[in-house]
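J.: Dumping the structure here so I can ask a few things about it.
The values are calculated or read from the model by the stated rules, or taken from the named source; none is laboratory data. Computed from a predicted model, the values in this text were never measured in an experiment. Heads up, the Cβs are rebuilt from the backbone with ideal geometry, glycines too, and the neighbour counts pull from every protein chain shown.
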Amino acid sequence: MRAEPQAAPYRPDPQILSLADWLGDPVRPADFPQLELRFRNQRWAKAVGLDDLSDQDWLRHFGRFEPLPDNLPQPLALRYHGHQFRVYNPEIGDGRGFTFAQMRDGSGRLLELGTKGSGLTPYSRTADGRLTLKGAMREILATEMLEALGVYTSKTFSVIETGEELERGDEPSPTRSAVLTRLSHSHIRIGTFQRLAAFEEDGYMRQLVDYCLAQFPGPLPPEDAPGRDEPAVVLMHQAVERLADLAASYMVAGFVHGVLNSDNMNVTGESFDYGPWRWLPQWDPSFTAAYFDHSGLYAFGRQPEAIRWNLAQLAISLRLLVDAPPLVAAIERFPDLYHQAITRRFCWRLGVTSQGVEADMRLIAAAEQTMRGGGIGPDQFFFTHRGGRGADGTLAEALTGYADIGGDHPYWASDAPQAMLIDEVEATWSAIAERDDWRPLHNKVAAVRLMGDALGEPPEPAGHRA
(Lines give C-alpha, C1' and ligand atoms only; values in the text may rest on other atoms or scores of the structure.)
Protein backbone atom coordinates (compact mmCIF):
# COMPACT_ATOMS: atom_id res chain seq x y z
CA MET A 1 0.00 0.00 0.00
CA ARG A 2 1.37 3.41 -0.93
CA ALA A 3 1.50 5.96 1.87
CA GLU A 4 -0.31 9.26 1.41
CA PRO A 5 1.92 12.34 1.31
CA GLN A 6 2.70 13.39 4.87
CA ALA A 7 0.51 16.25 6.09
CA ALA A 8 2.48 19.31 7.16
CA PRO A 9 1.89 22.91 8.17
CA TYR A 10 2.60 25.67 5.67
CA ARG A 11 6.32 26.49 6.00
CA PRO A 12 7.37 29.15 3.47
CA ASP A 13 11.07 29.18 2.64
CA PRO A 14 11.86 31.11 -0.57
CA GLN A 15 15.50 30.03 -0.83
CA ILE A 16 15.57 30.87 -4.54
CA LEU A 17 15.63 34.57 -3.67
CA SER A 18 19.35 34.19 -2.91
CA LEU A 19 19.88 33.51 -6.64
CA ALA A 20 17.09 35.66 -8.04
CA ASP A 21 19.22 38.58 -9.28
CA TRP A 22 20.80 36.44 -11.99
CA LEU A 23 18.64 33.30 -12.14
CA GLY A 24 15.45 34.93 -13.39
CA ASP A 25 13.35 38.00 -13.99
CA PRO A 26 10.41 39.28 -11.92
CA VAL A 27 7.23 39.10 -13.99
CA ARG A 28 3.52 39.83 -13.71
CA PRO A 29 0.96 37.08 -14.24
CA ALA A 30 -1.70 37.43 -16.91
CA ASP A 31 -5.00 39.03 -15.98
CA PHE A 32 -7.43 36.30 -17.01
CA PRO A 33 -11.05 37.16 -17.88
CA GLN A 34 -12.47 34.39 -15.71
CA LEU A 35 -11.35 31.72 -13.25
CA GLU A 36 -13.03 28.35 -12.88
CA LEU A 37 -11.40 25.73 -10.69
CA ARG A 38 -11.12 22.45 -12.57
CA PHE A 39 -8.57 20.39 -10.60
CA ARG A 40 -7.30 20.75 -7.06
CA ASN A 41 -4.73 18.21 -5.81
CA GLN A 42 -5.67 17.87 -2.15
CA ARG A 43 -3.27 14.94 -1.66
CA TRP A 44 -0.29 17.17 -2.29
CA ALA A 45 -1.80 20.37 -0.93
CA LYS A 46 -1.71 18.62 2.46
CA ALA A 47 2.03 18.04 2.07
CA VAL A 48 2.73 21.78 1.94
CA GLY A 49 0.02 22.98 4.29
CA LEU A 50 -2.30 24.49 1.67
CA ASP A 51 -5.18 22.02 1.85
CA ASP A 52 -7.28 24.29 4.08
CA LEU A 53 -7.50 27.10 1.52
CA SER A 54 -11.04 27.93 0.51
CA ASP A 55 -11.81 27.66 -3.19
CA GLN A 56 -11.87 31.44 -3.42
CA ASP A 57 -8.43 31.73 -1.81
CA TRP A 58 -7.21 28.96 -4.11
CA LEU A 59 -8.35 30.98 -7.11
CA ARG A 60 -6.65 34.12 -5.75
CA HIS A 61 -3.33 32.36 -5.30
CA PHE A 62 -3.33 30.00 -8.29
CA GLY A 63 -5.41 32.04 -10.77
CA ARG A 64 -4.54 35.64 -9.89
CA PHE A 65 -1.21 34.60 -8.32
CA GLU A 66 -1.45 36.81 -5.31
CA PRO A 67 1.70 35.96 -3.29
CA LEU A 68 1.43 33.33 -0.61
CA PRO A 69 2.27 34.63 2.90
CA ASP A 70 6.01 35.21 3.52
CA ASN A 71 6.89 33.78 0.12
CA LEU A 72 8.18 35.18 -3.17
CA PRO A 73 6.93 38.77 -3.44
CA GLN A 74 6.67 38.46 -7.23
CA PRO A 75 6.83 35.51 -9.64
CA LEU A 76 10.23 34.73 -11.14
CA ALA A 77 10.62 33.65 -14.80
CA LEU A 78 13.80 31.57 -14.93
CA ARG A 79 16.61 32.08 -17.41
CA TYR A 80 18.19 29.11 -19.18
CA HIS A 81 19.55 27.88 -22.48
CA GLY A 82 19.41 24.35 -23.85
CA HIS A 83 19.85 21.86 -26.64
CA GLN A 84 16.56 21.31 -28.45
CA PHE A 85 16.78 18.15 -30.54
CA ARG A 86 20.56 18.58 -30.08
CA VAL A 87 20.65 22.07 -31.57
CA TYR A 88 21.85 24.66 -29.06
CA ASN A 89 19.37 27.46 -28.45
CA PRO A 90 20.31 30.49 -26.32
CA GLU A 91 16.91 32.13 -26.90
CA ILE A 92 14.84 30.18 -24.41
CA GLY A 93 13.78 30.51 -20.78
CA ASP A 94 10.42 30.46 -19.00
CA GLY A 95 8.20 31.62 -21.86
CA ARG A 96 4.82 30.82 -20.33
CA GLY A 97 5.60 29.99 -16.73
CA PHE A 98 7.33 31.15 -13.57
CA THR A 99 8.36 30.06 -10.10
CA PHE A 100 5.71 31.26 -7.68
CA ALA A 101 6.54 29.95 -4.21
CA GLN A 102 8.81 27.66 -2.20
CA MET A 103 8.02 25.82 1.02
CA ARG A 104 9.12 22.85 3.12
CA ASP A 105 7.19 19.62 3.39
CA GLY A 106 6.88 17.48 6.51
CA SER A 107 10.27 15.85 5.99
CA GLY A 108 12.00 19.19 5.45
CA ARG A 109 12.36 18.90 1.66
CA LEU A 110 12.24 22.14 -0.26
CA LEU A 111 9.36 22.06 -2.76
CA GLU A 112 8.23 24.76 -5.13
CA LEU A 113 5.20 25.81 -7.10
CA GLY A 114 5.71 26.68 -10.74
CA THR A 115 3.27 27.50 -13.51
CA LYS A 116 2.41 26.74 -17.11
CA GLY A 117 0.23 29.10 -19.12
CA SER A 118 0.50 32.04 -16.71
CA GLY A 119 1.21 34.74 -19.29
CA LEU A 120 3.92 36.53 -21.21
CA THR A 121 7.51 36.78 -19.94
CA PRO A 122 10.72 38.22 -21.43
CA TYR A 123 11.27 34.76 -22.97
CA SER A 124 7.90 34.30 -24.70
CA ARG A 125 9.25 35.40 -28.10
CA THR A 126 6.37 35.07 -30.59
CA ALA A 127 4.23 32.83 -28.35
CA ASP A 128 1.20 33.96 -26.33
CA GLY A 129 2.29 32.64 -22.92
CA ARG A 130 -0.89 30.60 -22.60
CA LEU A 131 -1.82 26.93 -22.15
CA THR A 132 -4.75 25.11 -23.69
CA LEU A 133 -7.22 23.39 -21.38
CA LYS A 134 -6.55 20.17 -23.27
CA GLY A 135 -2.83 20.53 -22.56
CA ALA A 136 -3.60 21.02 -18.87
CA MET A 137 -5.86 17.97 -18.82
CA ARG A 138 -3.14 15.90 -20.47
CA GLU A 139 -0.63 17.00 -17.85
CA ILE A 140 -2.99 15.90 -15.07
CA LEU A 141 -3.22 12.46 -16.66
CA ALA A 142 0.51 12.16 -17.31
CA THR A 143 1.60 13.14 -13.81
CA GLU A 144 -1.00 11.00 -12.07
CA MET A 145 -0.10 7.91 -14.12
CA LEU A 146 3.63 8.43 -13.69
CA GLU A 147 3.31 8.95 -9.95
CA ALA A 148 1.29 5.73 -9.67
CA LEU A 149 3.96 3.85 -11.65
CA GLY A 150 6.71 5.02 -9.33
CA VAL A 151 8.30 7.63 -11.60
CA TYR A 152 9.77 10.63 -9.77
CA THR A 153 7.60 13.31 -11.35
CA SER A 154 6.27 16.78 -10.76
CA LYS A 155 2.69 16.81 -9.47
CA THR A 156 -0.15 18.67 -11.14
CA PHE A 157 -1.24 20.84 -8.22
CA SER A 158 -3.95 23.01 -9.76
CA VAL A 159 -5.75 23.60 -13.04
CA ILE A 160 -7.96 26.66 -13.50
CA GLU A 161 -9.86 27.40 -16.69
CA THR A 162 -9.27 31.02 -17.70
CA GLY A 163 -11.91 31.93 -20.27
CA GLU A 164 -9.71 32.83 -23.23
CA GLU A 165 -9.93 31.37 -26.73
CA LEU A 166 -6.57 30.22 -28.08
CA GLU A 167 -5.42 29.52 -31.61
CA ARG A 168 -3.22 26.46 -32.02
CA GLY A 169 -1.93 24.63 -35.06
CA ASP A 170 -1.98 21.18 -33.47
CA GLU A 171 -5.56 21.05 -32.16
CA PRO A 172 -8.95 22.40 -33.33
CA SER A 173 -9.12 26.15 -32.71
CA PRO A 174 -10.23 28.33 -31.12
CA THR A 175 -9.77 26.18 -28.03
CA ARG A 176 -10.26 26.69 -24.31
CA SER A 177 -7.48 28.01 -22.07
CA ALA A 178 -6.16 27.19 -18.61
CA VAL A 179 -3.39 27.97 -16.17
CA LEU A 180 -1.65 25.06 -14.47
CA THR A 181 0.37 25.06 -11.27
CA ARG A 182 2.78 22.20 -10.67
CA LEU A 183 4.45 21.14 -7.43
CA SER A 184 8.01 19.98 -7.83
CA HIS A 185 11.31 19.73 -6.05
CA SER A 186 13.04 22.23 -8.32
CA HIS A 187 13.09 23.84 -11.74
CA ILE A 188 16.90 23.93 -11.99
CA ARG A 189 17.63 22.45 -15.38
CA ILE A 190 20.74 21.26 -17.16
CA GLY A 191 19.99 24.24 -19.41
CA THR A 192 20.35 26.54 -16.39
CA PHE A 193 24.00 25.46 -16.12
CA GLN A 194 24.46 25.70 -19.87
CA ARG A 195 23.47 29.37 -19.82
CA LEU A 196 26.00 30.21 -17.10
CA ALA A 197 28.69 28.31 -18.98
CA ALA A 198 27.89 30.19 -22.20
CA PHE A 199 28.39 33.51 -20.41
CA GLU A 200 31.41 32.18 -18.45
CA GLU A 201 29.73 33.16 -15.18
CA ASP A 202 31.92 31.01 -12.93
CA GLY A 203 30.91 32.86 -9.74
CA TYR A 204 27.22 32.31 -10.37
CA MET A 205 27.96 28.72 -11.39
CA ARG A 206 29.57 28.08 -7.99
CA GLN A 207 26.57 29.63 -6.27
CA LEU A 208 24.21 27.39 -8.25
CA VAL A 209 26.21 24.25 -7.48
CA ASP A 210 26.25 25.12 -3.77
CA TYR A 211 22.50 25.83 -3.85
CA CYS A 212 21.75 22.47 -5.46
CA LEU A 213 23.91 20.54 -3.01
CA ALA A 214 22.38 22.34 -0.03
CA GLN A 215 18.75 22.13 -1.12
CA PHE A 216 18.74 18.74 -2.90
CA PRO A 217 21.16 16.64 -0.80
CA GLY A 218 22.10 13.21 -2.02
CA PRO A 219 24.74 10.48 -1.69
CA LEU A 220 28.43 11.21 -1.96
CA PRO A 221 30.41 9.86 -4.92
CA PRO A 222 32.11 6.46 -4.55
CA GLU A 223 35.22 6.37 -2.39
CA ASP A 224 37.49 5.89 -5.40
CA ALA A 225 35.90 8.63 -7.54
CA PRO A 226 38.44 11.22 -8.67
CA GLY A 227 37.77 14.75 -7.47
CA ARG A 228 35.07 13.56 -5.05
CA ASP A 229 35.70 16.54 -2.75
CA GLU A 230 34.92 19.08 -5.47
CA PRO A 231 31.32 20.38 -5.16
CA ALA A 232 30.79 20.36 -8.94
CA VAL A 233 31.93 16.73 -9.11
CA VAL A 234 29.62 15.76 -6.24
CA LEU A 235 26.69 17.36 -8.06
CA MET A 236 27.63 15.60 -11.30
CA HIS A 237 27.61 12.20 -9.59
CA GLN A 238 24.26 12.91 -8.00
CA ALA A 239 22.76 14.01 -11.31
CA VAL A 240 24.05 10.86 -13.03
CA GLU A 241 22.57 8.62 -10.34
CA ARG A 242 19.22 10.40 -10.35
CA LEU A 243 18.84 10.62 -14.11
CA ALA A 244 19.90 7.01 -14.64
CA ASP A 245 17.04 6.08 -12.33
CA LEU A 246 14.69 8.39 -14.25
CA ALA A 247 15.63 6.74 -17.55
CA ALA A 248 14.97 3.31 -16.04
CA SER A 249 11.64 4.41 -14.62
CA TYR A 250 10.46 5.61 -18.04
CA MET A 251 11.34 2.26 -19.59
CA VAL A 252 9.58 0.18 -16.93
CA ALA A 253 6.55 2.47 -17.13
CA GLY A 254 6.42 2.13 -20.93
CA PHE A 255 6.40 5.93 -21.11
CA VAL A 256 7.67 8.15 -23.91
CA HIS A 257 8.30 11.74 -22.80
CA GLY A 258 8.66 13.03 -26.33
CA VAL A 259 10.92 16.06 -25.82
CA LEU A 260 14.00 15.17 -23.77
CA ASN A 261 15.82 18.43 -24.50
CA SER A 262 18.43 19.62 -22.00
CA ASP A 263 16.12 22.42 -20.84
CA ASN A 264 13.61 19.70 -19.88
CA MET A 265 16.11 17.83 -17.68
CA ASN A 266 15.96 18.66 -13.98
CA VAL A 267 19.18 18.05 -12.01
CA THR A 268 17.09 16.53 -9.21
CA GLY A 269 16.15 13.67 -11.53
CA GLU A 270 12.53 14.76 -11.45
CA SER A 271 10.49 14.37 -14.62
CA PHE A 272 8.41 17.37 -15.68
CA ASP A 273 6.97 19.42 -18.56
CA TYR A 274 4.64 17.10 -20.45
CA GLY A 275 3.80 17.95 -24.03
CA PRO A 276 3.52 15.21 -26.70
CA TRP A 277 3.85 12.24 -24.31
CA ARG A 278 2.53 8.73 -25.01
CA TRP A 279 2.40 5.31 -23.38
CA LEU A 280 3.31 2.27 -25.45
CA PRO A 281 0.32 0.45 -26.95
CA GLN A 282 2.67 -2.47 -27.54
CA TRP A 283 6.37 -3.11 -27.00
CA ASP A 284 8.17 -1.09 -29.67
CA PRO A 285 11.53 0.60 -28.99
CA SER A 286 11.08 2.78 -32.11
CA PHE A 287 7.77 4.27 -30.92
CA THR A 288 7.82 8.09 -30.80
CA ALA A 289 5.51 10.52 -29.02
CA ALA A 290 6.13 13.76 -30.91
CA TYR A 291 4.84 14.06 -34.47
CA PHE A 292 7.78 16.37 -35.20
CA ASP A 293 10.43 13.85 -34.04
CA HIS A 294 11.08 12.74 -37.60
CA SER A 295 14.42 11.05 -36.86
CA GLY A 296 13.18 9.18 -33.79
CA LEU A 297 15.76 10.93 -31.62
CA TYR A 298 13.55 10.60 -28.54
CA ALA A 299 11.93 7.27 -29.41
CA PHE A 300 11.04 5.01 -26.49
CA GLY A 301 14.14 2.83 -26.76
CA ARG A 302 16.50 5.80 -27.18
CA GLN A 303 15.46 7.61 -24.01
CA PRO A 304 18.37 6.35 -21.86
CA GLU A 305 20.80 7.45 -24.56
CA ALA A 306 19.12 10.87 -24.77
CA ILE A 307 19.30 11.37 -21.02
CA ARG A 308 22.95 10.35 -20.92
CA TRP A 309 23.69 12.80 -23.76
CA ASN A 310 22.11 15.57 -21.72
CA LEU A 311 24.26 14.62 -18.74
CA ALA A 312 27.28 15.10 -20.99
CA GLN A 313 26.07 18.66 -21.62
CA LEU A 314 25.96 19.22 -17.86
CA ALA A 315 29.52 17.96 -17.59
CA ILE A 316 30.62 20.32 -20.38
CA SER A 317 29.01 23.19 -18.49
CA LEU A 318 30.68 22.25 -15.20
CA ARG A 319 34.07 22.38 -16.97
CA LEU A 320 33.85 26.06 -16.05
CA LEU A 321 34.69 24.96 -12.48
CA VAL A 322 36.64 21.69 -12.69
CA ASP A 323 38.72 19.67 -15.13
CA ALA A 324 37.07 17.11 -17.38
CA PRO A 325 38.39 13.73 -16.07
CA PRO A 326 36.36 13.56 -12.81
CA LEU A 327 33.23 14.66 -14.67
CA VAL A 328 33.79 12.00 -17.33
CA ALA A 329 34.28 9.41 -14.58
CA ALA A 330 30.88 10.34 -13.21
CA ILE A 331 29.18 9.91 -16.60
CA GLU A 332 30.87 6.53 -17.03
CA ARG A 333 28.85 5.28 -14.06
CA PHE A 334 25.61 5.74 -16.03
CA PRO A 335 25.34 2.26 -17.64
CA ASP A 336 25.82 0.35 -14.38
CA LEU A 337 23.51 2.68 -12.46
CA TYR A 338 20.90 2.37 -15.21
CA HIS A 339 21.03 -1.43 -15.17
CA GLN A 340 20.75 -1.49 -11.38
CA ALA A 341 17.78 0.86 -11.54
CA ILE A 342 15.90 -0.89 -14.33
CA THR A 343 16.20 -4.31 -12.71
CA ARG A 344 15.15 -2.92 -9.32
CA ARG A 345 12.13 -1.17 -10.84
CA PHE A 346 11.17 -4.03 -13.16
CA CYS A 347 11.01 -6.54 -10.30
CA TRP A 348 9.01 -4.07 -8.22
CA ARG A 349 6.40 -3.58 -10.93
CA LEU A 350 6.22 -7.30 -11.67
CA GLY A 351 5.84 -8.10 -7.97
CA VAL A 352 8.77 -10.51 -7.65
CA THR A 353 11.98 -10.54 -5.64
CA SER A 354 15.18 -9.48 -7.35
CA GLN A 355 17.78 -12.15 -8.06
CA GLY A 356 20.61 -9.77 -8.89
CA VAL A 357 21.33 -7.63 -11.94
CA GLU A 358 22.51 -10.45 -14.22
CA ALA A 359 19.50 -12.70 -13.60
CA ASP A 360 17.10 -9.76 -13.63
CA MET A 361 18.39 -8.61 -17.02
CA ARG A 362 17.66 -12.10 -18.39
CA LEU A 363 14.15 -11.77 -16.98
CA ILE A 364 13.72 -8.40 -18.68
CA ALA A 365 14.89 -9.88 -22.00
CA ALA A 366 12.34 -12.69 -21.65
CA ALA A 367 9.64 -10.14 -20.84
CA GLU A 368 10.47 -8.12 -23.95
CA GLN A 369 10.30 -11.30 -26.04
CA THR A 370 6.89 -12.11 -24.51
CA MET A 371 5.56 -8.63 -25.25
CA ARG A 372 6.83 -8.63 -28.83
CA GLY A 373 5.47 -12.13 -29.46
CA GLY A 374 2.07 -11.29 -28.02
CA GLY A 375 1.80 -7.79 -29.47
CA ILE A 376 1.13 -6.32 -26.02
CA GLY A 377 2.47 -3.40 -24.06
CA PRO A 378 3.95 -3.13 -20.56
CA ASP A 379 0.63 -2.36 -18.84
CA GLN A 380 -0.94 -5.64 -19.95
CA PHE A 381 2.27 -7.61 -19.41
CA PHE A 382 2.85 -6.54 -15.82
CA PHE A 383 -0.82 -6.98 -14.95
CA THR A 384 -1.16 -10.44 -16.54
CA HIS A 385 2.04 -11.77 -15.00
CA ARG A 386 1.93 -10.02 -11.60
CA GLY A 387 3.91 -12.11 -9.12
CA GLY A 388 4.98 -14.43 -11.94
CA ARG A 389 1.46 -15.75 -12.59
CA GLY A 390 0.44 -17.13 -15.98
CA ALA A 391 3.98 -17.40 -17.32
CA ASP A 392 5.01 -20.06 -19.81
CA GLY A 393 7.84 -20.77 -22.18
CA THR A 394 10.88 -18.51 -22.01
CA LEU A 395 9.28 -16.25 -19.43
CA ALA A 396 8.51 -19.12 -17.07
CA GLU A 397 12.06 -20.36 -17.40
CA ALA A 398 13.45 -16.89 -16.65
CA LEU A 399 11.21 -16.64 -13.56
CA THR A 400 12.66 -19.78 -11.96
CA GLY A 401 13.81 -18.91 -8.45
CA TYR A 402 11.84 -15.66 -8.22
CA ALA A 403 9.47 -15.33 -5.26
CA ASP A 404 5.99 -13.83 -5.59
CA ILE A 405 5.56 -10.62 -3.60
CA GLY A 406 2.63 -9.49 -5.72
CA GLY A 407 0.24 -8.83 -2.86
CA ASP A 408 -3.53 -9.33 -2.62
CA HIS A 409 -4.81 -5.84 -3.38
CA PRO A 410 -8.25 -5.99 -5.10
CA TYR A 411 -6.77 -4.19 -8.12
CA TRP A 412 -4.98 -7.39 -9.17
CA ALA A 413 -8.34 -9.15 -9.50
CA SER A 414 -9.65 -6.51 -11.92
CA ASP A 415 -10.67 -7.46 -15.45
CA ALA A 416 -7.98 -5.29 -17.05
CA PRO A 417 -5.07 -3.06 -16.07
CA GLN A 418 -5.18 0.69 -15.88
CA ALA A 419 -3.51 2.19 -18.94
CA MET A 420 -3.13 5.65 -20.46
CA LEU A 421 -3.32 5.04 -24.18
CA ILE A 422 -4.11 7.83 -26.60
CA ASP A 423 -7.67 6.73 -27.46
CA GLU A 424 -8.75 7.00 -23.82
CA VAL A 425 -6.96 10.34 -23.43
CA GLU A 426 -8.80 11.71 -26.45
CA ALA A 427 -12.13 10.33 -25.22
CA THR A 428 -11.56 11.99 -21.85
CA TRP A 429 -10.96 15.30 -23.58
CA SER A 430 -13.98 14.85 -25.86
CA ALA A 431 -16.24 14.54 -22.82
CA ILE A 432 -14.93 17.89 -21.58
CA ALA A 433 -14.87 19.64 -24.95
CA GLU A 434 -18.29 18.47 -26.13
CA ARG A 435 -20.34 18.19 -22.91
CA ASP A 436 -18.22 19.89 -20.24
CA ASP A 437 -18.30 16.51 -18.51
CA TRP A 438 -15.35 16.17 -16.11
CA ARG A 439 -16.45 12.85 -14.62
CA PRO A 440 -14.29 10.67 -16.91
CA LEU A 441 -11.20 12.66 -15.91
CA HIS A 442 -11.89 12.50 -12.17
CA ASN A 443 -12.84 8.83 -12.41
CA LYS A 444 -9.60 8.10 -14.24
CA VAL A 445 -7.52 9.91 -11.63
CA ALA A 446 -9.21 7.88 -8.88
CA ALA A 447 -8.62 4.61 -10.75
CA VAL A 448 -4.97 5.41 -11.40
CA ARG A 449 -4.41 6.29 -7.76
CA LEU A 450 -5.93 2.93 -6.80
CA MET A 451 -3.38 1.23 -9.05
CA GLY A 452 -0.65 3.20 -7.30
CA ASP A 453 -1.91 1.92 -3.96
CA ALA A 454 -1.77 -1.64 -5.29
CA LEU A 455 1.81 -1.25 -6.50
CA GLY A 456 2.97 0.28 -3.24
CA GLU A 457 6.06 2.39 -2.64
CA PRO A 458 8.56 2.27 -5.51
CA PRO A 459 12.16 1.27 -4.85
CA GLU A 460 14.66 4.09 -4.57
CA PRO A 461 18.43 4.21 -4.45
CA ALA A 462 19.78 5.57 -1.16
CA GLY A 463 19.51 9.33 -0.92
CA HIS A 464 17.61 9.70 -4.20
CA ARG A 465 15.00 12.10 -2.86
CA ALA A 466 16.58 13.25 0.36
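J.: Can you report the number of residues in segment 105-118 which are surrounded by fewer than 24 Cβ atoms within 10 Å (Cβ to Cβ) and part of a loop (DSSP other than H, G, I, E, B)?
T.: 5
J.: Out of the residues in segment 183-231 meeting the condition of being hydrophobic (A, V, I, L, M, F, W, C) and in a loop (DSSP other than H, G, I, E, B), tell me which one is farthest from residue 269 (Cα to Cα). I'd like the intermediate steps shown before the answer.
T.: Restricting attention to segment 183-231, the residues satisfying the condition of being hydrophobic (A, V, I, L, M, F, W, C) are 183, 188, 190, 193, 196-199, 205, 208-209, 212-214, 216, 220, 225.
Next, only the ones that are in a loop (DSSP other than H, G, I, E, B) stay: 188, 199, 216, 220, 225.
Working: 188: 10, 199: 25, 216: 10, 220: 16, 225: 21 Å.
For segment 183-231, the residue satisfying everything is 199.
J.: Taking the conditions exactly as written (under 22 Å from the mean Cα position of the chain (by Cα), among the hydrophobic types (A, V, I, L, M, F, W, C), under 30 Å from residue 436 (Cβ atoms) and surrounded by 19 or more Cβ atoms within 10 Å (Cβ to Cβ)), does residue 32 satisfy them or not? Walk me through how you get there before you give the answer.
T.: Working: under 22 Å from the mean Cα position of the chain (by Cα): no; among the hydrophobic types (A, V, I, L, M, F, W, C): yes; under 30 Å from residue 436 (Cβ atoms): yes; surrounded by 19 or more Cβ atoms within 10 Å (Cβ to Cβ): yes.
So residue 32 does not fit the description; no.
J.: Which one is modelled with the lowest pLDDT, of the residues in segment 197-230 that are surrounded by 17 or more Cβ atoms within 10 Å (Cβ to Cβ) and touching an Asp or Glu at 6+ places or on another chain (Cβ under 8 Å)?
T.: 218
J.: Looking at 175, 153, which one is more than 23 Å from residue 120 (Cα to Cα) and of a type in the set (Ser, Thr, Tyr)? First the steps, then the outcome.
T.: On the way: 175 fails: more than 23 Å from residue 120 (Cα to Cα).
After ruling out the rest, the residue left standing is 153.
J.: Restricting to segment 80-102, name every residue that is assigned to a strand (DSSP E or B) and more than 19 Å from the chain's Cα centre (by Cα).
T.: Residues satisfying the conditions are 87, 88, 89.
J.: Hey, another quick one. When you go through 423, 379, 360 one by one, which is the residue that is crowded, with 19+ Cβ neighbours inside 10 Å and free of Cβ contacts under 8 Å to residues at least 24 places away in the same chain? Before the answer, list the steps.
T.: On the way: 423 fails: crowded, with 19+ Cβ neighbours inside 10 Å; 379 fails: free of Cβ contacts under 8 Å to residues at least 24 places away in the same chain.
Matching residue, one of 423, 379, 360: 360.
J.: Still on this structure, please answer the following. From the list 240, 234, pick out the single residue that is in contact with a helix residue (DSSP H, G or I) (Cβ under 9 Å, 6 or more places away or on another chain) and either within 12 Å of residue 153 (Cα to Cα) or without any contact (Cβ under 8 Å) to a residue 24 or more places away in the chain (or both). It would help to see each step written out before you state the result.
T.: Details: 240 fails: either within 12 Å of residue 153 (Cα to Cα) or without any contact (Cβ under 8 Å) to a residue 24 or more places away in the chain (or both).
234 is the lone residue from the list that is in contact with a helix residue (DSSP H, G or I) (Cβ under 9 Å, 6 or more places away or on another chain) and either within 12 Å of residue 153 (Cα to Cα) or without any contact (Cβ under 8 Å) to a residue 24 or more places away in the chain (or both).
J.: Find the residue count for segment 369-386, including only residues that are out of contact with any helix residue (DSSP H, G or I) (no Cβ under 6 Å at 6 or more places or on another chain) and within 20 Å of residue 406 (Cα to Cα).
T.: Adding up the residues that qualify gives 7.
J.: Looking at (1) exposed (fewer than 15 other Cβ atoms within 10 Å of the Cβ); (2) assigned to a loop (DSSP other than H, G, I, E, B); (3) more than 22 Å from the chain's Cα centre (by Cα), which one does residue 56 not meet, given that it meets all the others?
T.: (2)
J.: Quick one: how many residues across segment 46-74 are among the hydrophobic types (A, V, I, L, M, F, W, C) and either farther than 25 Å from residue 141 by Cα or modelled with pLDDT under 95 (or both)? Spell out how you get there, then give the answer.
T.: Applying the first criterion (among the hydrophobic types (A, V, I, L, M, F, W, C)) to segment 46-74 yields 47-48, 50, 53, 58-59, 62, 65, 68, 72.
After this cut, where a residue has to be either farther than 25 Å from residue 141 by Cα or modelled with pLDDT under 95 (or both) as well, the list is 68, 72.
Residues flagged as among the hydrophobic types (A, V, I, L, M, F, W, C) and either farther than 25 Å from residue 141 by Cα or modelled with pLDDT under 95 (or both) within segment 46-74 amount to 2.
J.: Can you tell me which residue among 242, 182, 278, 176 is of a type in the set (D, E, K, R), touching a strand residue (DSSP E or B) at 6+ places or on another chain (Cβ under 9 Å), modelled with pLDDT of 95 or more and closer than 19 Å to residue 309 by Cβ?
T.: Details: 182 fails: closer than 19 Å to residue 309 by Cβ; 278 fails: closer than 19 Å to residue 309 by Cβ; 176 fails: closer than 19 Å to residue 309 by Cβ.
Exactly one residue qualifies, and that residue is 242.
J.: Further question on the same structure: Would you point out the residue of segment 269-301, among those that are within 14 Å of the chain's Cα centre (by Cα) and either farther than 23 Å from residue 150 by Cβ or among the small types (Gly, Ala, Ser) (or both), that is surrounded by the fewest Cβ atoms within 10 Å (Cβ to Cβ)?
T.: So the residue we want is 275.
J.: Out of curiosity, is residue 133 modelled with pLDDT of 95 or more and either surrounded by fewer than 22 Cβ atoms within 10 Å (Cβ to Cβ) or within 18 Å of the chain's Cα centre (by Cα) (or both)? Break it down into steps so the answer makes sense when it comes.
T.: Values: modelled with pLDDT of 95 or more: yes; either surrounded by fewer than 22 Cβ atoms within 10 Å (Cβ to Cβ) or within 18 Å of the chain's Cα centre (by Cα) (or both): no.
No.
J.: Answer yes or no: is there a residue in segment 322-330 that is in contact with a helix residue (DSSP H, G or I) (Cβ under 9 Å, 6 or more places away or on another chain), farther than 18 Å from residue 242 by Cα, assigned by TED's automatic domain parsing to the domain that holds residue 205 and part of a helix (DSSP H, G or I). Before you say what the answer is, go through the steps one by one.
T.: Of all residues in segment 322-330, those in contact with a helix residue (DSSP H, G or I) (Cβ under 9 Å, 6 or more places away or on another chain) come to 322, 324, 326-330.
This time we only want the ones that are farther than 18 Å from residue 242 by Cα, so: 322, 324.
Retained after the next criterion (residues that are assigned by TED's automatic domain parsing to the domain that holds residue 205): 322, 324.
So of that shortlist, the ones also part of a helix (DSSP H, G or I) come out as 324.
Within segment 322-330 (the criterion being in contact with a helix residue (DSSP H, G or I) (Cβ under 9 Å, 6 or more places away or on another chain), farther than 18 Å from residue 242 by Cα, assigned by TED's automatic domain parsing to the domain that holds residue 205 and part of a helix (DSSP H, G or I)), the answer is yes, since at least one residue qualifies.
J.: Against the condition aliphatic (A, V, I, L, M), crowded, with 21+ Cβ neighbours inside 10 Å and either modelled with pLDDT of 95 or more or in a loop (DSSP other than H, G, I, E, B) (or both), how does residue 77 come out, does it pass? Can you show your working first?
T.: Values: aliphatic (A, V, I, L, M): yes; crowded, with 21+ Cβ neighbours inside 10 Å: yes; either modelled with pLDDT of 95 or more or in a loop (DSSP other than H, G, I, E, B) (or both): yes.
Yes.
J.: Looking only at residues that are among the basic types (Lys, Arg) and within 28 Å of residue 259 (Cβ to Cβ) in segment 309-362, which one is farthest from the chain's Cα centre (by Cα)? Walk me through how you get there before you give the answer.
T.: First, the residues of segment 309-362 that are among the basic types (Lys, Arg): 319, 333, 344-345, 349, 362.
Subset that is within 28 Å of residue 259 (Cβ to Cβ): 319, 333, 344-345, 349.
Details: 319: 27, 333: 22, 344: 19, 345: 16, 349: 18 Å.
If we take residues in segment 309-362 being among the basic types (Lys, Arg) and within 28 Å of residue 259 (Cβ to Cβ), then 319 is farthest from the chain's Cα centre (by Cα).
J.: With (1) out of contact with any Leu (no Cβ under 9 Å at 6 or more places or on another chain); (2) within 26 Å of residue 265 (Cβ to Cβ); (3) outside the structural domain of residue 256 (by TED's automatic domain parsing) as the list, and residue 378 as the residue in question, which single condition is left unmet?
T.: Against the list (1) out of contact with any Leu (no Cβ under 9 Å at 6 or more places or on another chain); (2) within 26 Å of residue 265 (Cβ to Cβ); (3) outside the structural domain of residue 256 (by TED's automatic domain parsing), residue 378 comes up short only on (1).
J.: Here is a follow-up. So residue 43 fits all but one of (1) at pLDDT below 95; (2) in a helix (DSSP H, G or I); what number is the exception?
T.: Every condition holds for residue 43 apart from (1).
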